[in-house]
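The values are calculated or read from the model by the stated rules, or taken from the named source; none is laboratory data. This is a predicted model, so every value here is computed, not measured. Here the Cβ positions follow ideal geometry from the backbone for every residue, glycine too, while neighbour counts run over all protein chains shown.
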Amino acid sequence: MTTNTSSTSQRARPYAGLAWLVLTLACACQFMVILDASIVNVALPSVREELGFTPTGLAWVVNGYLLTFAGFMLLGGRAADLFGPRRMLVAGLLSFSVASLAGGLATAPEVLVAARVAQGVGAAMMAPATLAVINTFFTEPNARAKAFGAWSASGGVGGMVGAVAGGAITTGLSWRWVFLINVPIGAVLIVVAMMSLAGTRTGRRGSLDLTGAVTGTAGLAALIYGVMQSADHGWTSAPVAGPVVAGLLLLVVFAVVEARFAGQPMLPMRLFRIRGVAVGNGLLLLFGGIAIAMWYFSSLFLQNVLGFSALQAGLGQTPAAVTFMVIARWAAALLPRTGVRPLVLAGSAGFLAGFGWLSLGHAGTGYVAGVLGPTLLIAVGIGLTFPTLMAVATADVPEGDAGIVGGLANTASQVGGSIGLAVLATAAGTRAASEAAGSSPADALAAGYDLVFLLAAGLGLAIAVVSLLLPRHRRS
């Protein structure tokens, strides 16, 4: 026993001195990924005016990034396992930075959309690689839980900074700096990654499952594309139903190929025998709808109902973002002592109370009593659940599968967010249209958003019920 303990300590000691730097690197990469999903939104009017985008084309400045980010995540995760997280993290940072430079210098709409697509691919390489790095460097449960808390909080920082910085950069400098700012940051992070991750595992022997890569990536991309089209077309229309059905069929083919025919599957089906992986990813799918309802629709409520500007709406969400960051770190420290279920159930209670309160809003609602209070409750719920679910969905897996499991967890939350946005936006639009005849425009919109918040409360209840299937992790 003494010999084993000693050898384990010796093996862990070289990583211990670098752990803080590696965690900072992983958090900075996650910050960039989430920042770029939100910072562009405020700059869109300036982009449209200068480059001459059509309204439909302008949407692809956002959708192009989200589509490839979610669609290529599984492939990026498996690539991190085969070629090593260090290589994939550096490759993702390089792709992301070069694409940012191209976007900042774009002189035509097609160039900017192509740059956003390339950014999404780079982000899909980075995100699962950061989780694989955390799993490699933080093997002790308490330390790993705290690392996931910091990683989760960094995403909250990215979302908060994106909402505020987008307006400030566009107003004070130019929309181009929304993209160009990534270039020096990316260069620094590449150097840090090369230095801090030197000597880590370089991957394992094996070949990429090309059939699985094509069917899985194409299936996810088609499904998400179809869902995105629902904002402009009905769910039964060909532009929506066609890609959605094709995507689902491709994902069925992907599952059959991975389970029965692939010698070295991209996503080994045996991983779903681990209860935390199976249930955790299901919960992350539901959580994606919660996150969209909170950050996206509460911002719309502030702007379209209460009359806030985009910058004011970003500042109005800042207290909730700060609360999320604080609670996420606190939840990570609690996780080894309380186990998974108590934190998820407490978070679900925050969702039920917060969204229920938020659904009472109307055009005359005050910010403090009608928005700040409930969003703080929801932020507590997000802070308790998100790092907990990411930890449980990536725990108890072999180190050689850390990348694909990280990609799966990120994909689940992104796909859940995309589907949630489409479904909730449709529900809000339908309800607002039905209320338009006898109400003011602000009240009609408020009725639509109120329905969204009630549906989100229902998602919170579903998370509470499904969380009972999570494994009972022993307290440390």
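State which residue is nearest to the chain's Cα centre (by Cα) when the search covers only the range 351-370 and only residues that are among the hydrophobic types (A, V, I, L, M, F, W, C) and crowded, with 24+ Cβ neighbours inside 10 Å. Ranking the qualifying residues of the range 351-370, first place goes to PHE351. Restricting attention to the range 428-446, the residues that are in contact (Cβ under 8 Å) with a residue 60 or more places away in the chain and assigned to a helix (DSSP H, G or I) total 5.
A search for C-beta distances below 6 Å between a residue of the range 370-385 that is part of a helix (DSSP H, G or I) and any residue that is aromatic (Phe, Trp, Tyr), counting only pairs 6+ apart in sequence or on different chains, returns PRO374/TRP357; ALA379/PHE324; GLY381/PHE351; ILE382/PHE324; GLY383/PHE324. Looking at the range 406-427, is at least one residue hydroxyl-bearing (Ser, Thr, Tyr), assigned by TED's automatic domain parsing to the domain that holds PHE453 and not in a helix (DSSP H, G or I)? No; the residues of the range 406-427 include none that is hydroxyl-bearing (Ser, Thr, Tyr), assigned by TED's automatic domain parsing to the domain that holds PHE453 and not in a helix (DSSP H, G or I). Each residue in the range 93-123 was checked for being over 20 Å from LEU173 (Cβ atoms) and in contact (Cβ under 8 Å) with a residue 60 or more places away in the chain, and 4 of them qualify.
For PRO387, the criteria (1) under 21 Å from THR139 (Cα atoms); (2) out of contact with any Ser or Thr (no Cβ under 6 Å at 6 or more places or on another chain) hold in every case but one, which is (2). Of the residues making up the range 97-150, not one is aromatic (Phe, Trp, Tyr) and under 17 Å from TRP60 (Cα atoms). Applying the condition of being assigned to a loop (DSSP other than H, G, I, E, B) and of a type in the set (Ser, Thr, Tyr) to the range 217-259 and asking which residue is surrounded by the most Cβ atoms within 10 Å (Cβ to Cβ) yields SER230. Among the criteria (1) at pLDDT 85 or above; (2) surrounded by fewer than 24 Cβ atoms within 10 Å (Cβ to Cβ); (3) among the polar types (S, T, N, Q), the one SER467 does not fulfil is (2). Just one of the listed residues (LEU131, LEU112) is within 30 Å of PRO319 (Cβ to Cβ) and not aromatic (Phe, Trp, Tyr), namely LEU131. For the range 377-400, filtered to residues that are of a type outside the set (A, V, I, L, M) and in contact with a Gly (Cβ under 7 Å, 6 or more places away or on another chain), the residue that is surrounded by the fewest Cβ atoms within 10 Å (Cβ to Cβ) is ASP396. Within the range 332-342, the set of residues being crowded, with 24+ Cβ neighbours inside 10 Å and closer than 18 Å to ALA464 by Cβ comprises just one member, LEU335. Against the condition surrounded by 16 or more Cβ atoms within 10 Å (Cβ to Cβ), modelled with pLDDT of 85 or more, in the same structural domain as ALA43 (by TED's automatic domain parsing) and more than 30 Å from GLU50 (Cα to Cα), how does LEU189 come out, does it pass? When the stated conditions are applied, LEU189 passes them. Contact map, the range 143-156: residues that are within 8 Å of CYS27 (Cα to Cα) paired with residues that are surrounded by fewer than 24 Cβ atoms within 10 Å (Cβ to Cβ) and polar (S, T, N, Q), Cβ distance under 9 Å, separation 6+ or inter-chain. Pairs shown: ALA150/THR24.
Name the single residue that is surrounded by the most Cβ atoms within 10 Å (Cβ to Cβ) among those in the range 120-166 being of a type in the set (Val, Ile, Thr) and over 18 Å from the mean Cα position of the chain (by Cα).
The qualifying residue surrounded by the most Cβ atoms within 10 Å (Cβ to Cβ) is VAL164.
Checking the structure you have, find out if any residue of the range 401-413 is closer than 19 Å to MET228 by Cβ, surrounded by fewer than 23 Cβ atoms within 10 Å (Cβ to Cβ), under 22 Å from the mean Cα position of the chain (by Cα) and touching a residue at least 40 places away in the same chain (Cβ under 8 Å). No, the range 401-413 has no match at all.
Residue-level check: of (1) over 17 Å from TYR296 (Cα atoms); (2) not in a helix (DSSP H, G or I), GLY361 misses just (1). Just wondering, is there one or more residues in the range 279-295 that are exposed (fewer than 14 other Cβ atoms within 10 Å of the Cβ) and either in a helix (DSSP H, G or I) or in contact with a Lys or Arg (Cβ under 7 Å, 6 or more places away or on another chain) (or both)? Scanning the range 279-295, I find no residue that is exposed (fewer than 14 other Cβ atoms within 10 Å of the Cβ) and either in a helix (DSSP H, G or I) or in contact with a Lys or Arg (Cβ under 7 Å, 6 or more places away or on another chain) (or both), so the answer is no.
When you look at ILE419, is it over 14 Å from LEU131 (Cβ atoms), surrounded by 17 or more Cβ atoms within 10 Å (Cβ to Cβ) and modelled with pLDDT of 90 or more, yes or no? Steps first, answer last, please.
Numbers: over 14 Å from LEU131 (Cβ atoms): yes; surrounded by 17 or more Cβ atoms within 10 Å (Cβ to Cβ): yes; modelled with pLDDT of 90 or more: no.
When the stated conditions are applied, ILE419 does not pass them.
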